[in-house]
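Okay, structure first, notes after.
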Amino acid sequence: GANNNFDTNGDGLINSQDEYVEICNLAENTVVDISGWQLGDDDSGAYPDFTFPESISLQPGDCLLIVNDYCPTVDEPESCDTPVDIISMDLVNTPFLGNSGDALTIAKMDGSASCTVVYGNVACDDIDPLDIPPFDINACDSWGTDIDGCPLLISGDSCNYLPLALPIELLEFDITEGPRHSVKLHWSTASEINNDIFFVEWSTNARDFEVIDAQPGAGTSSEVNYYNAVHYDPHHGVNYYRLKQVDLNGTYSYSEILAIQLRKFEEPVIAPNVITDGFRILGNNMQYDLKIYDLNGALVHSMTGLESGKYTEVNLENSGYYLFYVIKEDEIFRLPVIKI
């Protein structure tokens, strides 16, 4: 990263200790446990592959930075105050990523899942055997050409994507949930040079983006400028946002990608929850499916397409406690109900 001042560990030096790999969980509802998984490049023998410690999980939308040496002045890594979203390999493990090309593989210990990325002058067909468990060589993607010290993204060489390449000094860029499950975006610049326009882009998978708003830039300015946008129709689950900044000459660059998880639907309730022969499901979804179980785990009723707020009759033979499983899209809500 010497060409672009990537001092990842903040020690004032730019060297191989600052090399890093970032992995993200792009799933909407699935937590990924990577405890015991291994990470390695195709340097055989000299550098052992990195094994993730126990209890390492990625929540939906979370990312984890794996740095060669985050604590270069500390002999014992346990004594380093490493942030929760960063893991330091302490210079004893791979990857030492080649500027002209390399391969990187992450694999589960039993070899049942893996992913390989190559770039530069390394192709999927000529990866050397790794120290990691067996992996699927067909699960390999090429991410571009020589990065020349720039972080490499799934979309290609990030020399064209990093905020450092923007003709602006971006002070902040943040997103928050607004009223009625909207998303509010705010960013500000300390200075701008020939800045024509900002496009606000949105995605549900962090790969395919669409423009949802545009804000005129300040041209050339040395004053602080503030920008705001609102996305009124985001997706239920994880939403991703970035800024596309366009110069007056038409060249453009991207900001970092920010993620936010939304629960657009309120949790349904059974009304009343003490029933004789009927009930209503109250919620902001149009329809629900329902399964009713007794306390022995036996399914006693199954219904589909129940309208929110509409009274539904049900014949439960025995008095006592029941569990109503209200199903809305990919979510299930377990609600206790008493039959008298």
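The values are calculated or read from the model by the stated rules, or taken from the named source; none is laboratory data. Please read all numbers here as calculations on a predicted model, not as lab measurements. Positions of Cβ are backbone-derived with ideal geometry, glycine not excepted, and every protein chain shown enters the neighbour counts.
Structure data summary
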| quantity | calculated |
| --- | --- |
| Among the residues listed as Tyr311, Tyr322, the single one being at pLDDT 90 or above, crowded, with 16+ Cβ neighbours inside 10 Å and more than 30 Å from Asn205 (Cα to Cα) | Tyr322 |
| Within the range 227-340, strands (runs of 3 or more DSSP E) holding 1 or more residues that are closer than 29 Å to Asp208 by Cβ and among the aliphatic types (A, V, I, L, M) | 237-247, 258-262, 320-328, 331-339 |
| Single residue of Ile332, Ile338 found to be in contact (Cβ under 8 Å) with a residue 60 or more places away in the chain, surrounded by 10 or more Cβ atoms within 10 Å (Cβ to Cβ) and either in the same structural domain as Val274 (by TED's automatic domain parsing) or within 18 Å of Asp277 (Cβ to Cβ) (or both) | Ile338 |
| Residue satisfying all of: in the range 168-177; buried (at least 18 other Cβ atoms within 10 Å of the Cβ) and at pLDDT below 90; farthest from Asn195 (Cα to Cα) among these | Leu170 |
| Options Ser203, Ser255; residue that is touching a strand residue (DSSP E or B) at 6+ places or on another chain (Cβ under 7 Å), farther than 28 Å from Phe333 by Cα and surrounded by 15 or more Cβ atoms within 10 Å (Cβ to Cβ) | Ser255 |
| Filter result for Gly297 (free of Cβ contacts under 8 Å to residues at least 12 places away in the same chain and either over 30 Å from Ile175 (Cβ atoms) or not assigned by TED's automatic domain parsing to the domain that holds Asn205 (or both)) | yes |
